[in-house]
Amino acid sequence: MFKDISIKDLRTHLAEFANRVESGESFRVIRRSKPSFYIMKIDDSVDIPTMDQWETVIDFTDNGNSEGVELGDVLTTLRKINNK
């Protein structure tokens, strides 16, 4: 079960919460009155995805060009695909 904490409390007492998480506690962090994220101990048996496990859906880097492509070119290509 997750215990609710505010993001302000997490920031203020980060080391304390880190110790508590390492001891097995889990927390749901509330930001602006809404749940934002969870913090919990990492289980060695959990398979954390690495970058090589992700599927590339669309590549905006122009085949590896680190400068990327123009937004207009991307929109034109997407429009062409959508109209097929």
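A straight chain from residue 23 to residue 2 at 0.36 nm per residue would run longer than the Cα-Cα distance by 6.2 nm.
DSSP beta bridges confined to segment 1-40 are antiparallel in about 55 percent of cases.
Read-outs: derived from the displayed coordinates by stated rules, not from any lab. Just so we're clear, the structure is a prediction, and the values are computed from it rather than from any experiment.
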